[in-house]
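Have a look at the structure below before the remarks.
The values are calculated or read from the model by the stated rules, or taken from the named source; none is laboratory data. All of these numbers come straight from a predicted model, not from anything done at the bench. So basically every Cβ, Gly included, is an ideal-geometry build from the backbone, and we count neighbours across all protein chains shown.
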Amino acid sequence: MPVPRVPRRRERLQDIPAQGQKRVLLASPRGYCAGVDRAVIAVEKALERYGAPVYVRKQIVHNIHVVTELEAKGAIFVEEVDEVPEGAHVVFSAHGVSPAVVSAASDRRLRAIDATCPLVTKVHREAVRFARDDFEILLIGHIGHEEVEGTAGEAPDHVTIVNSPDEADTIEVRDPSKVVWLSQTTLSVDETMETVRRLRTRFPHLQDPPSDDICYATQNRQVAIKKVAKDADLVIVVGSANSSNSVRLVEVALEYGAKAAYRVDYADEIEQAWLEGVETVGVTSGASVPEVLVQEVLADLAGAGYRDVEEVRTAEEDLQFSLPKELRTDGAGKRDARALGGRSRA
């Protein structure tokens, strides 16, 4: 689990002369999506309702700052449910869990709160349905990621994980006429479509999921950074190393024109050397990053002379998700979240 952060000792970023006007292009949408917001609130509400400690299997979302803040409030993060005392409350993370984990929690009489993102739950249901119809499921995603483990666990005898476009060229299936693809929700849209293209070349009968599996927030943040990257000398992505969607933003920024791109958890990780000769800095953040961390980056950049901030907005988001049923205050499932994510309205 996260190691307590020790702030780096360095001078604040210094103003370095640039050839033209220094500016920041601030991507929007960025930061918290509806599923992340729901999951974080679920842990906070559980602590308010049941008192500390409340246990959480894995990181509730992939952001070291969020996890550290929740630990300070009384959350205890564990790798597996067998580390949780019998009868205690445990929250399942936003990435989802397999039926085997649910069963293990039940065996220990744990009082489980399922904070799985509803968009991940949708993919789980697709996996169950296609397995029931005896399809072979090609799950595009990163081996070892919690979301992929949870989805694959719904139908382990029917799922083959495709880790990259190159793997699409070597995957073998039992029956090429009954194959469907699903995907992890936080992947690069472009890379996923390339993987699908290569799979379809080999398996012409490959079926698509009923609706796009890559979540709206992942897509929106990638679209926004594409627009920023073409005009940026440098792109800074705020997000943790284990955040798939944050890492993808760095890759997308480089692919779409940024001369350099780096991921940081905190503003004090920005290197002075990155800014040498830089006129335009693009800034964005992954879907599990609180806005306060972005504002700290902007403050540090302002100290280095990048005070002109232009927001580059490519979509509006307004989706909200109900809290897990165990934490709702009304039987009707009324929305009870401060969600900041949502469907795009371009």
Of residues in the range 233-243 being among the polar types (S, T, N, Q) and surrounded by fewer than 24 Cβ atoms within 10 Å (Cβ to Cβ), the one nearest to residue 290 (Cα to Cα): 240
Some residue of the range 201-214 being assigned to a loop (DSSP other than H, G, I, E, B), without any contact (Cβ under 8 Å) to a residue 40 or more places away in the chain, buried (at least 18 other Cβ atoms within 10 Å of the Cβ) and in contact with a helix residue (DSSP H, G or I) (Cβ under 9 Å, 6 or more places away or on another chain): yes
Residues of the range 44-75 satisfying the condition of being without any contact (Cβ under 8 Å) to a residue 60 or more places away in the chain, not in a helix (DSSP H, G or I) and not aliphatic (A, V, I, L, M): 51, 53, 55, 57, 74
First in the range 143-166 and part of a loop (DSSP other than H, G, I, E, B), second anywhere and among the aromatic types (Phe, Trp, Tyr), Cβ under 8 Å, 6 or more apart: 155/130; 158/130; 158/135
Subset tally (residues that are over 25 Å from the mean Cα position of the chain (by Cα), farther than 20 Å from residue 102 by Cα and of a type in the set (A, V, I, L, M, F, W, C)) for the range 41-90: 1
Per-region count, the range 122-142, residues outside any helix (DSSP H, G or I) and not small (Gly, Ala, Ser): 9
Residue match in the range 184-198 (condition: more than 26 Å from residue 94 (Cβ to Cβ), touching a strand residue (DSSP E or B) at 6+ places or on another chain (Cβ under 7 Å) and not aromatic (Phe, Trp, Tyr)): no
Lone qualifier among 32, 50 - being modelled with pLDDT of 80 or more, of a type in the set (Ser, Thr, Tyr) and crowded, with 19+ Cβ neighbours inside 10 Å: 32
Enumeration of residues in the range 223-258 that are under 12 Å from the mean Cα position of the chain (by Cα) and assigned to a helix (DSSP H, G or I): 244, 245, 246, 247, 248, 249
Output for the range 290-331, where each listed residue is among the aliphatic types (A, V, I, L, M), under 19 Å from the mean Cα position of the chain (by Cα) and part of a loop (DSSP other than H, G, I, E, B): 315, 319, 323
Selection count where residues are in contact (Cβ under 8 Å) with a residue 24 or more places away in the chain, under 22 Å from residue 94 (Cβ atoms) and not charged (D, E, K, R), scope the range 265-311: 10
